[in-house]
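Asks: Sharing a structure here in structure tokens format.
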Amino acid sequence: MSRIGKQAIPLPKGVTVEVAYASVKVKGPKGENNVAVDPDLKVKVEDGSVRVERPTDQRRHKSLHGLTRTLIANAVKGVAEGYSREMLIKGIGYRAKLTGKNLELTVGYSHPVIVEPPQGITFEVPEPTKVVIRGIDKQLVGQTAANLRSIRKPSAYHEKGIYYADEPIKLKPGKTGTK
């Protein structure tokens, strides 16, 4: 039995789950999220929790069991609390600012880079060198953070670029002046 898949997902106050044929709709105070579910798996809502059950012990069902449970749990947490990711911008003259909903980055190019947030994502700039990405979809928040990081990847030789706030910075040594 899958250790992850057999765990029940507790529903926080104000979160409702509707199960359809091949999808699960999760509604909460922050918004609404849909999760696609394999039609073979059964999703049951009972006693303030959600359970995912698989029909057989086939390899395919085993692998989908834990995955589906985790995706539903992420959707429940997203509509209840939301997800956020902090990004740090390091470099001389590197900064970020909000222009309406869009994020304007000055990161060493000849022009500022304007990033438009996907639907369901908001940007916050508490400091010119810090960007916070918020949303209810964990995958979308992570993908938006990865796209933002790819605009100016961290340099291995200079401490410049766009980093995740919790990313360890490993600098490579430069050339030595030996003869």
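The values are calculated or read from the model by the stated rules, or taken from the named source; none is laboratory data. This one's a predicted model, so the numbers in the text were calculated from it and none came from an experiment. Cβ placement follows ideal geometry from the backbone for every residue including glycine, while neighbour counts extend to all protein chains displayed. Side chains are part of the model used for accessible areas, which takes the heavy atoms of the whole protein and leaves out ligands, DNA and RNA. Shrake-Rupley method; radii C 1.70, N 1.55, O 1.52, S 1.80 Å.
Asks: For the list (1) open to solvent by 80 Å² or more (accessible area, probe 1.4 Å); (2) modelled with pLDDT of 95 or more; (3) out of contact with any helix residue (DSSP H, G or I) (no Cβ under 9 Å at 6 or more places or on another chain), I need the number of the one condition that ASP57 fails.
Replies: Answer for ASP57: the failing condition is (2).
Asks: Condition first: farther than 14 Å from ARG134 by Cα and either in contact with a His (Cβ under 7 Å, 6 or more places away or on another chain) or outside any loop (DSSP other than H, G, I, E, B) (or both). Now tell me which residues in segment 82-97 satisfy that. Steps first, answer last, please.
Replies: First pass over segment 82-97, keeping only residues farther than 14 Å from ARG134 by Cα: 88-97.
Listed by number, the residues that qualify are LEU88, ILE89, LYS90, ARG95, ALA96, LYS97.
Asks: Further question: Could you go through segment 9-26 and let me know if any residue there is open to solvent by 80 Å² or more (accessible area, probe 1.4 Å), touching a residue at least 12 places away in the same chain (Cβ under 8 Å), under 19 Å from VAL141 (Cα atoms) and not polar (S, T, N, Q).
Replies: No; the residues of segment 9-26 include none that is open to solvent by 80 Å² or more (accessible area, probe 1.4 Å), touching a residue at least 12 places away in the same chain (Cβ under 8 Å), under 19 Å from VAL141 (Cα atoms) and not polar (S, T, N, Q).
Asks: Only residues that are surrounded by 13 or more Cβ atoms within 10 Å (Cβ to Cβ), among the basic types (Lys, Arg) and either out of contact with any Lys or Arg (no Cβ under 7 Å at 6 or more places or on another chain) or closer than 24 Å to GLY78 by Cβ (or both): list them for segment 122-179, please.
Replies: Within segment 122-179, LYS130, ARG134, LYS138, ARG149, ARG152 meet the criteria.
Asks: From (1) loosely packed, with under 15 Cβ neighbours inside 10 Å; (2) of a type outside the set (Lys, Arg); (3) more than 30 Å from GLU32 (Cβ to Cβ), pick out the condition that doesn't hold for THR106.
Replies: (1)
Asks: Right, another one. Can you list the strands (runs of 3 or more DSSP E) found entirely within segment 1-81 that contain at least 2 residues being among the β-branched types (Val, Ile, Thr)? Before you say what the answer is, go through the steps one by one.
Replies: Working: elements: 16-19, 23-28, 31-36, 42-46, 49-53.
Answer list for segment 1-81: 16-19, 23-28, 42-46, 49-53.
Asks: Further question on the same structure: Out of segment 76-102, which residues are more than 15 Å from GLY31 (Cα to Cα), open to solvent by less than 70 Å² (accessible area, probe 1.4 Å) and touching a residue at least 60 places away in the same chain (Cβ under 8 Å)?
Replies: MET87, LEU88, ILE89, LYS90, GLY91, TYR94
Asks: Identify, by number, the condition in (1) under 22 Å from GLY31 (Cβ atoms); (2) β-branched (Val, Ile, Thr); (3) loosely packed, with under 13 Cβ neighbours inside 10 Å that VAL115 doesn't meet.
Replies: Condition (3) is where VAL115 drops out.
Asks: If a residue has to be touching a Ser or Thr at 6+ places or on another chain (Cβ under 8 Å) and not basic (Lys, Arg) to count, how many in segment 123-162 make the cut? Quick ask: steps written out before the conclusion?
Replies: Pass one, segment 123-162, residues touching a Ser or Thr at 6+ places or on another chain (Cβ under 8 Å): 132-135, 141, 161.
If we keep only those that are not basic (Lys, Arg) too, we end up with 132-133, 135, 141, 161.
Number satisfying all stated conditions: 5.
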